[in-house]
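*Asks:* The structure that follows is given in the form of structure tokens.
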Amino acid sequence: MSGIGTADAPATRRDALPEHHGSITRRFLGGLVTPGGAVFVLALVLFAAVVASNPAFGEPDRMVRFLARSAPIAIIAMGQYFVIVAGEFDLSMGAVIATQVVMAGNLIGQDDSRILPVLVAMLAVGVLVGLLNGMATTLLGVPSFIVTLGMMLALSGLVFYLTGGAATGNPTDNFRSIGRSGVEDVPVIDLLPYPLVILVVLAVFAVWLMRRPYGRTLIATGDNPSSAAVSGATVWWVKTRAFILSSMSSTVAGIILVGQAGVHPSVGQGYEFIAITAVVLGGVVLGGGRGWVLSAAAGAIALDLLFTLLNFREVPSTWRDTVQGVIIIAAVALSGRAWRSGNKLPRMLRRPEADPEPPIPPAVPPPATGSQSAGTP
Amino acid sequence: MLAPATPDNAPGPSGNPGGGPLLRARGITKSFLGNVVLQDADIDLVPGQVHGLVGENGAGKSTLMKVLAGVYQPDAGSIEIDGEPQHFGHPLQAQHAGVATVFQEFNLLPDRTIAQNIYLGREPRKGPLVDTGRMRRDTAELLTGLGVEGLDPDAPVRTLSVAEQQIVEIAKAISFSARIISMDEPTAALADHEVALLYSIIERLTARGVAILYVSHRLKEIFDLCDTITVLKDGQMVTSRPAGELDESTLVRLMVGRTISAFFPDKDPDTTPGEVALELSGAGNGYVDGVDLAVRGGEIVGLAGLQGSGRTELLEGIFGVRPFSRGEVRIAGRPATLRSPRGAVRAGLALVTEDRKATGLALNQSIATNALGVVRAVFPRRTSAARQALPGLLSSLEVIARSMDQEVQFLSGGNQQKIVLARWLGTNPQVVLLDEPTRGIDVGAKRGIYELMRALAAQGVAVLMVSSELPEVIGMSDRIVVMRDGRVAAELPAGASEVQVLEAATGAGSGEQSDDQNDDQGGESG
Amino acid sequence: MSTSTVSPPTQRRAPVVRRLDTTQLVYVALLAVIVVGTVLTAMSGRSFFSSGNIASVLTLTSTLGFVAIGQTLVILVGSLDLSVPYVISLASIVGGGVMNGEESMIVPGVLAALGVCAVVGLANGLVVTGLGVHGFIATLGMGLIISGYLASNYQGNYGSAPRSFQLVGITLFGPVPLSTLIMLGCAGVGVLMLNRTRLGHHIYAVGGGREVSRMSGVRTHTPVVAAHVLCSVLAGMAGLLLLSRTSVGSPTIGNQGGYDLMSIAAVVLGGTLLAGGRGSIVGTIGGVAIFAVIDNVMSVMEINSFLQDVVRGLVIVIAVAVYARRAIPRRATRFPDRATAVTIGDTP
């Protein structure tokens, strides 16, 4: 599909470069072959397998409810995508979810009028956490996995302290309905769950954002931060915004989970690893610079389908962690080769050593007469 | 001038009778991706003698040295040691055959000690444990054998100066019983007294019958040390003669002195330079000092100099990558403090860096993403206009690719460089800084870039170009500024000859020698 | 022939104040922390230096100490181990299960536990070297794999430690716990290995420059695998120690204590570079001691255990931040510049 560029032809005006190469079909098929595209195929295959195990699952209203339950992890997968495509990690997601859940439970109580202000407060907390994660990583120079692990430790400690470790707080039904109910009287499926609506809206937003200047700058920064810096990008702020997006996605997931899972400080535990698994399954390269946001969401759906399949096959759900571990290792090992670029390490874990390959050889200056065979350097 | 031991008297470890060549290389030819960088080179290395290899950048000196070191495999030619044909598929093989090389980028582990570095991979043992005492003693012996005192075998290499690290590399070579030691620009980062120490080490080595291949730009040293001098030009051997038959000016003439062909586009005779677009007074940032420079709109100023002279650091200073701490910068007459690339871009500057893969492009991204990179990062609101103009821009640059979607890592070097340029042109800069703009690019693409530079100048843009290719500097520049050791050494007009430029860059003509201290290794990677 | 001295007369590195090397620095920091701790302890009406308190502090050092020694090896070689919490739990389960309260089964229990851990370490090392996946991911995945296994097969406490094994966890020689002595013994062996065996030298070499090491003929996979095996075995010893103290095996005990993050932080505090190639176990022990003192003081001040996590998280991030600045190599400038920040350079 790709090739080394050919020798430059003598100076004539060329037709403008086409925007894309090949027909839509060809590009589509080409995309499916990449890890980022293959995950969609994987999701479909898994879906078929689940339906084969349990035909009732194929009914539209069941599917829709399944997607609604997967919505939180699909949302955090997209959030984690932003951070990973920038070359970093966010391991604090679970703690942020727990914080938000507990805030909702305790601050709203049975008072509907509090819903809006508390929602604002929750979003503010999400922004603050993302800001801290981002600034500690970029400005203090601490590797993101350490910053976010530390944040996880501190934040979950705080949450457990404030709640004493017990399930507390009981937010109003109106708030819980965000996670539980939906638009009623919809044809065919009867109920269109709010979480699914939220997921779709956020997915559209995410795709839109990645096509905006910020999104392109983000992925270019993850690909090559030095080059991005020379281009005038403020690398620390570009990355910090990714962390903020990630924490915001955890916040939204938390809001949904209040309705779906109740209020308890252990809600959300381990979600950061689910998010990373989903992102990696979606073919996004760790170390940054490559991958699509929808593939991350698809990876989450595929993962949930896999868990559902295992459920139907009566594999205890306690094995989920193992499944995730295998997927992470396998996907990272394979994806690096599949995209044809190596897995890059977080900057601090790499020694700043000299480039091992021979430097670009100096081109021979033009001869006094005649022309040189035009090769490709 | 140090007198090297004559080969006949040297107690050569090679046992080579009658002082014939220890190493004989014939017809060495090497190309990279179609570019012939070395053609039919011959060289003889005689025990106890120092053989100098000179030539300007791109002449093929490094390549020849790396072929002998086993880093590159020649496309044609033969190498014989003691009359036995050799084939070096890997640097370790060359090492075992007795050829050691001291590169400019040292192969040392900075956090390990001198002794640990020297014995890496072959640590001596006493029972199951490593015999650190013996490592230390043997290392100390090696060092005193080179005539060096005051180096602690237990000192971590990162605490050593460049000169000391170099000594470690040489000691390492000796510990492998190397009979041939190649040195690549060994004094590029040394101060005067350190150079003197190197001389004495070389003297000792030759006395022991080691053959030395000495690659350098510094002609004074070539004449101080070498018995024979080989000159390469454009990948070919010009001459190989005893040092006594040559002098500095002859050497320079042999190194350069080609006729500049009509390869470079003509300057439009009607353009007169406009106002001063960029002005530096006394600028310094720790790597350069006291630089006064002015570039007018419509002018192309060439910045020449040897590797390590500070040219890249000067551009980095202007662009805010390594901000100036001293002196003043004026853009279009107004003072500007450029503390970041973003500020520089907003002030109308552009920087095409030396290494497009490392700092110029995001290789996994598409042509479009790369070409719109600066606009998106600094002027996001202009993105859609820039995107609409992009096909036209790429067309005028004659970029050859399948589509704007193609990942830039699959483009040829010339096309990649054009994408970098497209990235900057989209911001309509007033001052364009170029660092080795045609490095690693084939002839056809070079021409395109030259034409582009002329077109920019014709539009009134001020162009400051760093280049190590003398024909390019002379063919394209309206004025040439030569740097040496972090300072401006000379300003030459458009008609300057290559010889003049090289003399100013090496300080050869004036008999000066580098006089600074604490150089680090290779101030620029160029 | 002339001999010449190498050191140039003036500006090699001109430290106005003689800088401390990082190992010395961590012990200075430890001293400072002890001083502060003594004051805070006194304010709570207790004495830091009472025999009981010293014993507490030292007890805290032992578990984390084992893990941190192993983490040092892995980080030195340029990798990382995030699977340690799960390996700790695994060791306590296997040990407790095999021993099952029988005195005669102590040795087989220990061997089985450490054997299983060695296998895990081997798997980690092979994934890193064979699949080319960085240790961070490989051990993250492996940890999750073990987590699922533990969650599925063990719902609560499992097995038990016989009496004499329990004694290991609580025996004291004056204020010094036996466990601390064992841990320091392991540290000593580790130091010896790093400084005086080829494996140790190669661990440093591969961590400090893989290509350079390879060019010198070092087989770069071996030190990496060996480091991972040793790290997991040492984590296993931590697990056995916890088994001894709690007298039952537990599938979740490894997760209670933040061992992954704390061990990495102790290693960094002790002066080991996260990128590998430089550092020491001696420094790590200093880092472990600092955290032990902090933990002890917080307990004495009766700070809620959840809040202790908050403090720990903050301390870790700040500590790594401070050390991150020191580790960045700075290129020497040609013209020493007043305005250029003086390098917070590394000293021999």
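The values are calculated or read from the model by the stated rules, or taken from the named source; none is laboratory data. Since we're looking at a predicted model, the values are computed, not measured. Virtual Cβ from ideal backbone geometry, glycine too; neighbours counted across all protein chains shown.
*Asks:* Can you find, within region B:369-385, the residue that is farthest from the other protein chains (Cβ to nearest Cβ) among those that are assigned to a helix (DSSP H, G or I) and surrounded by fewer than 21 Cβ atoms within 10 Å (Cβ to Cβ)?
*Replies:* Step by step, filter region B:369-385, then rank; the result is B:385.
*Asks:* For region B:166-189, indicate whether the set of residues that are facing another protein chain (nearest Cβ under 9 Å) and surrounded by fewer than 18 Cβ atoms within 10 Å (Cβ to Cβ) is non-empty.
*Replies:* Checked against the condition, which is being facing another protein chain (nearest Cβ under 9 Å) and surrounded by fewer than 18 Cβ atoms within 10 Å (Cβ to Cβ), region B:166-189 yields no hits at all.
*Asks:* Can you work out which of the residues in region C:305-334 that are at pLDDT below 70 and either surrounded by 19 or more Cβ atoms within 10 Å (Cβ to Cβ) or more than 7 Å from chain A (Cβ to nearest Cβ) (or both) is nearest to residue C:277 (Cα to Cα)?
*Replies:* C:327
*Asks:* Also, I was wondering about something else. Looking at (1) more than 16 Å from residue A:18 (Cβ to Cβ); (2) surrounded by 17 or more Cβ atoms within 10 Å (Cβ to Cβ); (3) within 8 Å of another protein chain (Cβ to nearest Cβ), find the lone condition where residue B:425 falls short.
*Replies:* For residue B:425, the failing item is (3).
*Asks:* A further question follows. Which residue out of B:229, B:212 is over 28 Å from residue B:122 (Cβ atoms), outside any helix (DSSP H, G or I) and more than 14 Å from chain C (Cβ to nearest Cβ)?
*Replies:* Exactly one of B:229, B:212 is over 28 Å from residue B:122 (Cβ atoms), outside any helix (DSSP H, G or I) and more than 14 Å from chain C (Cβ to nearest Cβ), namely B:229.
*Asks:* Would you tally the residues in region A:193-227 being at the interface with another protein chain (Cβ under 7 Å from one of its Cβ atoms), over 21 Å from residue B:384 (Cβ atoms) and either under 15 Å from the mean Cα position of the chain (by Cα) or assigned to a helix (DSSP H, G or I) (or both)?
*Replies:* So the count comes out to 3.
*Asks:* From the list C:130, C:109, C:148, C:101, which residue is touching a strand residue (DSSP E or B) at 6+ places or on another chain (Cβ under 9 Å), over 18 Å from residue C:259 (Cβ atoms) and surrounded by fewer than 23 Cβ atoms within 10 Å (Cβ to Cβ)?
*Replies:* It is C:101.
*Asks:* On the basis of being over 24 Å from the mean Cα position of the chain (by Cα), surrounded by fewer than 19 Cβ atoms within 10 Å (Cβ to Cβ), within 14 Å of chain C (Cβ to nearest Cβ) and farther than 22 Å from residue B:67 by Cα, does residue B:206 make the cut?
*Replies:* Numbers: over 24 Å from the mean Cα position of the chain (by Cα): yes; surrounded by fewer than 19 Cβ atoms within 10 Å (Cβ to Cβ): no; within 14 Å of chain C (Cβ to nearest Cβ): yes; farther than 22 Å from residue B:67 by Cα: yes.
For residue B:206, the condition - over 24 Å from the mean Cα position of the chain (by Cα), surrounded by fewer than 19 Cβ atoms within 10 Å (Cβ to Cβ), within 14 Å of chain C (Cβ to nearest Cβ) and farther than 22 Å from residue B:67 by Cα - is not met.
*Asks:* Among the listed residues C:230, C:184, C:261, C:243, which satisfies the condition of being more than 14 Å from every other protein chain (Cβ to nearest Cβ), part of a helix (DSSP H, G or I) and closer than 24 Å to residue C:148 by Cβ?
*Replies:* Matching residue, one of C:230, C:184, C:261, C:243: C:243.
*Asks:* So, one more: Output yes when any residue across region B:126-135 is within 28 Å of the chain's Cα centre (by Cα) and surrounded by fewer than 21 Cβ atoms within 10 Å (Cβ to Cβ), and no when none is.
*Replies:* Our first condition is that a residue be within 28 Å of the chain's Cα centre (by Cα); within region B:126-135, this holds for none.
Looking for residues that are within 28 Å of the chain's Cα centre (by Cα) and surrounded by fewer than 21 Cβ atoms within 10 Å (Cβ to Cβ), one finds none in region B:126-135, hence no.
*Asks:* Out of region B:28-38, which residues are under 16 Å from residue B:62 (Cα atoms) and either in contact (Cβ under 8 Å) with a residue 24 or more places away in the chain or touching a Phe, Trp or Tyr at 6+ places or on another chain (Cβ under 8 Å) (or both)?
*Replies:* B:28, B:29, B:30, B:31, B:35, B:36, B:37, B:38
*Asks:* Looking for whichever is buried (at least 20 other Cβ atoms within 10 Å of the Cβ), under 20 Å from the mean Cα position of the chain (by Cα) and small (Gly, Ala, Ser) here; the options are B:445, B:457, B:504, B:496. Which one fits?
*Replies:* Numbers: B:445 fails: under 20 Å from the mean Cα position of the chain (by Cα); B:457 fails: under 20 Å from the mean Cα position of the chain (by Cα); B:496 fails: under 20 Å from the mean Cα position of the chain (by Cα).
When all the criteria are applied, what remains is B:504.
*Asks:* Hey, among A:102, A:129, which residue is within 14 Å of another protein chain (Cβ to nearest Cβ), surrounded by 24 or more Cβ atoms within 10 Å (Cβ to Cβ) and at pLDDT below 95?
*Replies:* It is A:102.
*Asks:* Among helices (runs of 4 or more DSSP H) lying entirely in region B:405-481, which contain 1 or more residues that are under 19 Å from residue B:268 (Cα atoms)?
*Replies:* Passing ranges, in order: B:443-458, B:470-476.
*Asks:* When residues of region A:203-233 are filtered for being surrounded by 19 or more Cβ atoms within 10 Å (Cβ to Cβ) and more than 15 Å from residue A:81 (Cβ to Cβ), how many remain?
*Replies:* Count: 12.
*Asks:* Among the candidates A:135, A:152, single out the residue that is in contact with a helix residue (DSSP H, G or I) (Cβ under 7 Å, 6 or more places away or on another chain), within 14 Å of chain C (Cβ to nearest Cβ), surrounded by fewer than 22 Cβ atoms within 10 Å (Cβ to Cβ) and part of a helix (DSSP H, G or I).
*Replies:* Numbers: A:152 fails: surrounded by fewer than 22 Cβ atoms within 10 Å (Cβ to Cβ).
So the residue among A:135, A:152 that is in contact with a helix residue (DSSP H, G or I) (Cβ under 7 Å, 6 or more places away or on another chain), within 14 Å of chain C (Cβ to nearest Cβ), surrounded by fewer than 22 Cβ atoms within 10 Å (Cβ to Cβ) and part of a helix (DSSP H, G or I) is A:135.
*Asks:* Of all residues being without any contact (Cβ under 8 Å) to a residue 60 or more places away in the chain and among the aliphatic types (A, V, I, L, M) in region B:97-112, which is surrounded by the fewest Cβ atoms within 10 Å (Cβ to Cβ)? Just the residue, please.
*Replies:* The residue in question is B:97.
*Asks:* OK, next. Where residues in region B:347-366 are within 8 Å of chain A (Cβ to nearest Cβ) and either at pLDDT 95 or above or part of a loop (DSSP other than H, G, I, E, B) (or both), which of them is surrounded by the most Cβ atoms within 10 Å (Cβ to Cβ)?
*Replies:* Only one residue fits best here, namely B:361.
*Asks:* Looking only at strands (runs of 3 or more DSSP E) that lie completely in region B:15-92, which have at least 2 residues being in contact with a Pro (Cβ under 8 Å, 6 or more places away or on another chain), within 12 Å of chain A (Cβ to nearest Cβ) and at pLDDT below 90? I'd like the intermediate steps shown before the answer.
*Replies:* Details: elements: B:23-32, B:35-45, B:50-54, B:76-81, B:84-86.
Strands (runs of 3 or more DSSP E) meeting the threshold: B:35-45.
*Asks:* Moving to a separate point now. Determine which member of the set C:73, C:31, C:64 is assigned to a helix (DSSP H, G or I), surrounded by fewer than 22 Cβ atoms within 10 Å (Cβ to Cβ) and modelled with pLDDT of 90 or more.
*Replies:* C:31
*Asks:* Hey, which of the helices (runs of 4 or more DSSP H) in region A:267-362, taking only ones fully inside, have at least 3 residues that are at pLDDT 90 or above, within 19 Å of the chain's Cα centre (by Cα) and away from chain C (no Cβ under 12 Å)?
*Replies:* Counting at least 3 such residues, we get A:271-281, A:293-312.
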